[in-house]
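Trainee: Here's a structure for you.
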Amino acid sequence: MNLGFVFWVETFGFVLTLVCIYMNTKLDSRAWILALISIVIYFFLFWQQNLYADMLLQVYFFVFSIIGLLKWDKDRHINQTLTQKLMPKQILYLVPITGTIFLVLYFLLSQFSSAEQVTWDSINTSISIVAQILLIKKYIENWILWILADISYAILYFYKNLYVTSLLYVLLTFLAVYGYFQWRKYLILKNDS
């Protein structure tokens, strides 16, 4: 594939993703529309780089972005834009769920694909799956998971010579930190009212 073309497609996906995540920090339901476009772009980029778990994660993100769009749009119409915090018991459930997703992905990728970074890809993907569900449900802890995943993705994509995407994930790490503190403000306002 032409490297110049890949660079421009990757750059377009980069910009869309940054705008999308910034809009998520502001609880703007239109972010999900931008997400759908960038997901398609990254699906093809990851396919080209043999990052199959990341590629399949884009399918998951596509479906759950539609769900996120519908849920956040519905919430907007009933004026329900509040964020929430997980209870300790809920957090305990997330550990085995994430671990199970990792094990399934690891098995599938190691047995049925030519993926080059099976463990790394499986860890990042399992964390991202859980983080996306928490984002849709507006749990503040989604940002903590995104921080962990984004740092790891930045390193992986740099290693895979996807330098623009690696930079994107460095910036997404900062946006996730911003999102955490922004949503924390929303929680404080919610608790004060």
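Trainee: When the stretch 71-95 is examined, which residues are found to be among the hydrophobic types (A, V, I, L, M, F, W, C), in a helix (DSSP H, G or I) and either under 19 Å from G179 (Cβ atoms) or at pLDDT below 80 (or both)?
Mentor: Of everything in the stretch 71-95, those that are among the hydrophobic types (A, V, I, L, M, F, W, C), in a helix (DSSP H, G or I) and either under 19 Å from G179 (Cβ atoms) or at pLDDT below 80 (or both) turn out to be W72, I91, L94.
Table: residues versus (1) at pLDDT 95 or above; (2) out of contact with any Leu (no Cβ under 7 Å at 6 or more places or on another chain); (3) within 16 Å of Q182 (Cβ to Cβ); (4) of a type in the set (D, E, K, R).
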| site | (1), (2), (3), (4) |
| --- | --- |
| F5 | no, yes, no, no |
| W8 | no, yes, no, no |
| T11 | no, yes, no, no |
| N24 | no, no, yes, no |
| A35 | yes, yes, no, no |
| F44 | no, yes, no, no |
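Trainee: Scan (1) at pLDDT below 95; (2) surrounded by 13 or more Cβ atoms within 10 Å (Cβ to Cβ) for the single condition I188 breaks and write down its number.
Mentor: (2)
Trainee: Now for a separate question. Taking the stated definitions as given, is S122 in contact (Cβ under 8 Å) with a residue 60 or more places away in the chain and surrounded by 21 or more Cβ atoms within 10 Å (Cβ to Cβ)?
Mentor: So S122 passes the test.
Trainee: Hey, any hits in the stretch 159-168 for a residue that's crowded, with 16+ Cβ neighbours inside 10 Å, modelled with pLDDT under 95 and under 21 Å from D28 (Cα atoms)?
Mentor: yes
The values are calculated or read from the model by the stated rules, or taken from the named source; none is laboratory data. Predicted model only: the values in this text are computed from it and were never measured. Cβ atoms come from the backbone with ideal geometry, glycine included; neighbour counts cover every protein chain shown.
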